[in-house]
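Single-structure report; data block below.
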Amino acid sequence: MKDRRPLGDVPAEEFRKQLHELADWIADYREHIGERRISPNDEPGAILAQLNATAPETAAPLNEIFADMERVIVPGVAHWAHPQFMSYFGCTTTSPGILAEMITGALNVNAMTWRTSPAATELETLVLDWLRQWLRLPKQFGGVVYDTASISTMHALAAAREQAAPNSRKLGLSGRDLPAFRIYTSDQAHSSVEKGAIAIGIGEGNVQRVSTDAEFRMNVAALRKMVTSDLRSNFKPLAVVSTVGTTSTASVDRIPDIAKVCREHKMWLHIDGAYGAGLALLPECKWVTAGWSEADSIVINPHKMLFVPFDFSALYVRDIGRLRRLFALAPEHLHLRDSVGAEINYMDYGVQLGRRFRALKAWVVWRAFGRAGMAARIREHLRLAKLFADWIQEDKRFELSAPVVMGVVCFRFVGVAESRSVAGIGDAAPGSTTPATVTDKIDTINSKIVE
């Protein structure tokens, strides 16, 4: 019995030692990340094969655990913060954000109600209002923090459903003699729209994908025509999800024109600005906010363009009380609450009860850089994108595939003149996997570039 380890946490001295070592490891990782391979070439299952599949029965020392992390986990990571990581919208990581995440882990508070953590609640209110000001949204818009834009959009669509079919919160949709609802979004919009429709009972099949114009923006005339056709077929137009910074090309839908269609047909207008809304911090990019004040809701992900570590998504709703009226419940174990109106309980504004203290990292990062500092960095990103686009246009082997609106450059390899062969390509026999034409080879090369 004398050899039994004391119950409780890791001894304070050991924790302090490991914390110092981990701080050095993190600093070294950040400083030398450019020297690492961006992504592993392992086959699925390679990581699992190096780890013990048997659940641990006895304690292991922390230095052994961290050694396994260095040996197995880190080599198996795709390094999103790598300076040459060019895939997807990079989740921005900054040193102030990392420090804030360490503090958040130490505090480990549950930000479900004001009473469970007054500072977490009020800091969330503060940073949301800072961001609202930077986005130039009217004061009628209130916000709430979720994890990702997919969850934010789902909550916005749930509010739209409640507006179109009152009492859906209580009665649901089935057995009420309601029309089939339609949600409209462009053929370039994110798949989170379908997922949201599935989650709230509208159904994936009732999401109508609207064609886009030459600049990959929603075709408003096609939207209007689709809505008119659905009305004739006794469907009920519910909402339009427009996009500021589409996933593939970062295109920006014509929000003012879409808002007009929404007003005419009493549809909810939601703006997915997960990536592109951050552009609003630049005074010279004020154009991107056109029509936002006419929306019912808008989502922005500060973990994409505004330097807050993943995950942090902010949903703004005109009259945020619509979310509270939709989701507020009073579980028995939470009856001890302050009087109504004395505080904000963010658990009432969505599905989640337990909530992380996400606001702390935004508060630290935004104070550390300031709006001007973030704007300067975004401006540099735009400059680099334009510079790269200029190089593409000057090189006859490549061409731009879409207008360059933000920090995203879409391009493709077009090869050499048809009269010249591409190296390694000959005529392909029937059944051969070798492309038969220069065009086929170019398509193959472009596919590999994307991968």
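Looking only at segment 212-232, which residues are over 28 Å from Ile151 (Cβ atoms) and free of Cβ contacts under 8 Å to residues at least 40 places away in the same chain?
Listed by number, the residues that qualify are Asp213, Ala214, Asn219, Ala221, Ala222, Arg224, Lys225, Thr228, Ser229, Leu231, Arg232.
Sort out which residues of segment 235-253 are more than 21 Å from the chain's Cα centre (by Cα) and part of a loop (DSSP other than H, G, I, E, B), and write them in order of number.
Result: Phe235, single match.
Taking the stated definitions as given, is Val408 crowded, with 18+ Cβ neighbours inside 10 Å, touching a residue at least 60 places away in the same chain (Cβ under 8 Å) and part of a helix (DSSP H, G or I)?
no
Across segment 279-293, what is the number of residues that are of a type in the set (A, V, I, L, M) and within 15 Å of Ser251 (Cβ to Cβ)?
Qualifying residue count, segment 279-293: 3.
Which one is modelled with the highest pLDDT among residues in segment 327-342 that are part of a helix (DSSP H, G or I) and loosely packed, with under 13 Cβ neighbours inside 10 Å?
Filtering first and then ranking leaves His333.
Pull up segment 114-153, narrow it to residues that are surrounded by 22 or more Cβ atoms within 10 Å (Cβ to Cβ) and not hydrophobic (A, V, I, L, M, F, W, C), then point me to the one that is nearest to Ala368 (Cα to Cα).
Glu124
Hey, Met305 hits all of (1) at pLDDT 95 or above; (2) under 12 Å from the mean Cα position of the chain (by Cα) but one; which does it fall short on?
The failed condition is (1).
Residue by residue through segment 71-113, note down the ones that are more than 24 Å from the chain's Cα centre (by Cα) and crowded, with 16+ Cβ neighbours inside 10 Å.
Listed by number, the list holds a single entry, Thr113.
Given the options Ser242, Ser229, name the one that is within 24 Å of Tyr88 (Cβ to Cβ) and at pLDDT 95 or above.
Matching residue, one of Ser242, Ser229: Ser242.
Quick one: in segment 285-326, which of the residues that are out of contact with any Ser or Thr (no Cβ under 7 Å at 6 or more places or on another chain), acidic (Asp, Glu) and farther than 14 Å from Tyr349 by Cα is surrounded by the most Cβ atoms within 10 Å (Cβ to Cβ)?
Here the residue is Asp296.
I'm checking my understanding of the structure. Among residues of segment 47-58 that are surrounded by fewer than 10 Cβ atoms within 10 Å (Cβ to Cβ) and small (Gly, Ala, Ser), which one is nearest to Val10 (Cα to Cα)?
Restricting to residues being surrounded by fewer than 10 Cβ atoms within 10 Å (Cβ to Cβ) and small (Gly, Ala, Ser), the top hit is Ala55.
Given the criteria in contact (Cβ under 8 Å) with a residue 24 or more places away in the chain and either farther than 30 Å from Val109 by Cβ or part of a helix (DSSP H, G or I) (or both), does Thr125 qualify?
yes
Quickly run through segment 185-206 and pick out the residues that are over 20 Å from the mean Cα position of the chain (by Cα) and either buried (at least 21 other Cβ atoms within 10 Å of the Cβ) or among the aromatic types (Phe, Trp, Tyr) (or both).
Ile202 - this is the single residue of segment 185-206 that is over 20 Å from the mean Cα position of the chain (by Cα) and either buried (at least 21 other Cβ atoms within 10 Å of the Cβ) or among the aromatic types (Phe, Trp, Tyr) (or both).
The values are calculated or read from the model by the stated rules, or taken from the named source; none is laboratory data. Being a predicted model, the structure only gives us computed values, none of them experimental. Ideal geometry is used to build each Cβ from the backbone, glycine not excepted, and the neighbour counts take in all protein chains shown.
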